[in-house]
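These notes are about the structure you will find just below.
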Amino acid sequence: MPTYDYECQTCGHQFEARQSMKDPHLTDCPKEGCPGPVKRKIGLGSGFIFKGNGFYITDYRSDSYKAAAKKDSESASSSSSSSSTASSSPAPAASSPAPAKSSTAA
C-alpha cells in the first residue's frame with residue numbers, strides 16, 4: 001500500500017498515512033483540537049531496486065564481485081591470446097581430392 005503525505009491547512013501539521021489507492025483522501029486533521037482540512041501533498045515516491053530474474057544482474061554487483069570478475073577476464077584474455085598465437089601458423093596444404101568413382105557396373 002502506498003504512503004501518502006498530508007498537511008493541515010489550518011495548523012500546518014504534517015503526517016503520513018498508508019492508504020489503498022482506492023481509498024478516499026483524508027479530509028480532517030488528526031491533531032486534537034484542530035478542525036482544519038488537510039491537503040494531500042505530492043510525494044517523491046520511494047527508491048527501490050529491481051531484483052530477481054529478468055533484470056540486469058550486473059547493475060547492483062558488489063565491489064568484490066567486480067574485482068574478481070575483472071581478474072578472471074584478464075586471465076582469460078591472456079590465455080586466449082597465447083593459444084591464438086600457437087594456432088596462427090598456416091594449416092598444412094590439403095591433399096588433392098580423390099578421383100571420382102565411376103558408376104559403371106560390370
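Results, tabulated for the structure shown:
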| read-out | value |
| --- | --- |
| Cross-link partners of K71 among aspartates and glutamates (Cα-Cα below 13 Å; sequence separation of 8 or more within a chain) | D63 |
| Neighbourhood net charge (15 Å Cβ-Cβ; Lys/Arg +1, Asp/Glu -1) for I42 | 0 |
| Potential extension, A67-K22 segment - 0.36 nm per residue separation minus Cα distance | 11.4 nm |
| Positive minus negative residues near A69 (Lys, Arg vs Asp, Glu; Cβ under 13 Å) | +1 |
| Protection proxy ranking of 17-23, 35-41 - average other beta-carbon atoms within 10 Å, highest first | 35-41, 17-23 |
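Just so you know, all these numbers are worked out from the coordinates, no wet-lab data involved. These figures come from a predicted structure and were not determined experimentally. Reconstructed Cβ throughout: ideal geometry from the backbone, glycine too, with neighbour counts over all protein chains shown.
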